[in-house]
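All of the numbers you see were taken from the coordinates with simple rules; none came from a lab. Predicted model, so just to flag it, every value in this text is computed and none were measured. Cβ: placed from backbone, ideal geometry, glycine included. Neighbour counts: every protein chain shown.
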Amino acid sequence: MNSQRINSTTLVSILASLSIPALLTFSFSQASAAAQDLQKVYLEKLSNNAPIEIVEDITSPRQSFILVFQGGAGLVPKEQQGITTVLSQMLGEGPKSMTGDAYRKQLFLLNSSISVSGSPRAMYVSVTAPVDNLKKVLSLAFEVIQNPKLDPETFSIAHGKVQTSANSILDNMRGATYYFAFRDAFKFHPDVLDGSAAPGTIKSLSLETAKEWYPKLMDFQKMAVATVGPATKWKVLADAQNFMAQTKKVVKKNTYIPTEFKGINPADYTPAEIAVALINKPKATDNQILYIFPESLQFDSKERLVSLVTHENLGGGLTGMLGDVLRTQRGLTYHASTRADGQRPYWTVYTFGGIFQTQGLLAGVPEVIEKFKAQKIEAKDVELSKQMNRTFFRSGMELPEDRLFSRLRLKMYGLNPGFIDQFEDLLGKVTPEEVDQFRKAKLNTQKGFLYLMGDKSQILPVLEKAGFKKDKVRVIELTELI
């Protein structure tokens with residue numbers, strides 16, 4: 001028998017000797033490597049100098065084409081936030097030349113879809129179609145963008161849907177706390193404006209607001225392109241150039257203009273001590289508690305992976321120390337977690353509890369974090385956290401479009417899109433020593449923000465008992481949220 005060949009009996013013996021985590025890592029690694037072998041990535045330029053990223057992936061049944069209009073909700077002032085979401089809804093009704101039903105029927109017959117979404121730094125038009133129909137569907141997408149239904153009826157329907165969604169902010173205490181906290185802590189920096197808005201802000205929007213912002217948000221001169229699917233590079237380039245030729249009919253000098261963004265500088269937003277703000281909701285029975293700690297982080301390097309492993313050990317649901325102590329041991333809450341944001345320089349602690357648990361939670365959160373920073377980190381805990389983060393990463397990258405969008409987000413923040421391909425390798429190399437260094441250097445709890453939501457008549461006395469001076473607690477009425 002060939003000594004380099006492994007027969008079935010030998011393979012069974014090898015697999016049987018592996019632990020379950022090791023077996024999962026082994027099989028997933030083979031699958032991940034095989035999937036990457038089936039992809040080819042090309043970076044090209046279109047006729048107007050706009051960048052286009054082409055990913056050939058023969059495993060994809062259809063081609064996904066993403067038109068990236070740089071700018072996004074971060075361009076819009078706080079008083080008009082929500083207009084990007086309204087416009088996304090309006091574009092879903094198709095172009096002026098077709099009824100909404102006829103538009104949807106045509107997409108159905110073409111086995112295709114066109115969707116519009118927004119983020120702080122971009123508006124996205126996502127087109128998915130069989131390769132043979134791609135040129136036709138891209139032409140339809142151009143018609144939607146160029147000739148949208150910016151009319152009273154379409155606006156009224158879209159505005160009503162967004163208004164209903166905004167009203168739910170007041171009913172969801174966690175949602176309202178998160179909504180207010182980041183905008184307040186970072187003073188409405190463009191990177192925390194995602195297109196959502198409070199009910200009063202949405203109510204003030206008009207069709208004139210939509211008409212004012214549409215050409216600024218959907219500017220062909222600020223459009224980059226990304227695509228993934230089974231089509232060859234040359235087929236995709238031909239269809240993209242055809243789309244660009246259509247834009248030149250309406251934009252005479254359609255030369256690509258890259259957009260520059262200024263990110264959040266943590267030093268500009270870090271208070272000298274814990275700044276406390278309370279959103280008053282009379283008669284509330286549960287209290288929301290959210291800490292925000294500004295902290296610089298390199299998001300496309302190994303430091304990002306060390307951060308993920310660290311926070312999984314500290315605040316990863318029931319397995320993290322916060323959940324174990326505050327929920328399991330002390331029975332103060334059903335949930336306590338931490339996380340570091342994926343692109344913005346801060347990390348958070350979130351928990352909630354009744355009025356009789358709030359004081360224990362306010363004392364317990366910093367206590368547990370300091371204990372976590374001081375105790376020895378076990379190698380087995382680091383390995384378990386790495387396995388969990390590997391699973392989360394793979395589930396988030398299940399489809400080729402997921403990986404492409406992740407690369408786009410990194411690009412949008414001036415980061416290396418190739419980090420996606422390095423993620424698992426760098427994660428596997430994270431050591432207990434690196435986690436130990438990170439938690440001591442980065443988990444600063446002395447300077448940051450504490451946001452609470454609940455009945456002020458009950459929470460203010462609790463805050464005083466926890467050591468926070470009443471006259472330094474900012475109280476915001478729920479109806480004042482903008």
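Below, the figures for the structure above:
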quantity: Fewest-first sequence of His159, His189, His335 by Cβ atoms within 10 Å of each Cβ; calculated: His335, His189, His159
quantity: Local net charge near Ala231, Cβ-Cβ under 10 Å (Lys/Arg +1, Asp/Glu -1); calculated: -1
quantity: Shape of the chain, Cα gyration tensor, a/c cut at 1.5; calculated: oblate
quantity: Ranked list, fewest to most other Cβ atoms within 10 Å of each Cβ, for Val116, Val309, Val462, Val131; calculated: Val131, Val462, Val116, Val309
quantity: Extended-chain gain in nm, criterion 0.36 nm per residue less alpha-carbon gap, Lys45 and Gln163; calculated: 38.5 nm
quantity: Share, in percent, of DSSP beta bridges within the chain that are antiparallel, nearest 5; calculated: 75 percent
quantity: For a label point 7 Å along the Cα-to-beta-carbon line of Glu378, residues of region 293-326 with backbone N under 15 Å; calculated: 313-314, 319-322, 324-325
quantity: Mean Cβ count within 10 Å, highest first, over the residues of peptides 467-473, 170-176; calculated: 170-176, 467-473
quantity: Label-zone membership for region 274-299, site Glu477, 7 angstrom Cα→C-beta point, backbone N under 14 Å; calculated: 279-282
quantity: Positive dipole terminus of region 266-480, leading residue within Leu408, Leu384, Pro294 (C-beta point charges); calculated: Pro294
quantity: Stretch gain in nm, segment Leu318-Gln146, where the contour uses 0.36 nm per residue and the Cα spacing is subtracted; calculated: 56.9 nm
quantity: In region 415-464, trypsin sites (Lys or Arg not before Pro) in a DSSP loop with at most 14 other beta-carbon atoms within 10 Å; calculated: Lys429
quantity: Peptides ranked, highest mean first, by Cβ atoms within 10 Å: ranges 73-81, 326-334, 372-380; calculated: 73-81, 326-334, 372-380
quantity: By average C-beta atoms within 10 angstrom, highest first, the peptides 94-102, 106-114; calculated: 106-114, 94-102
quantity: Helix runs (DSSP H) in the chain reaching 20 Å along axis by Cα, Kyte-Doolittle at least 0.0; calculated: 20-37, 355-374
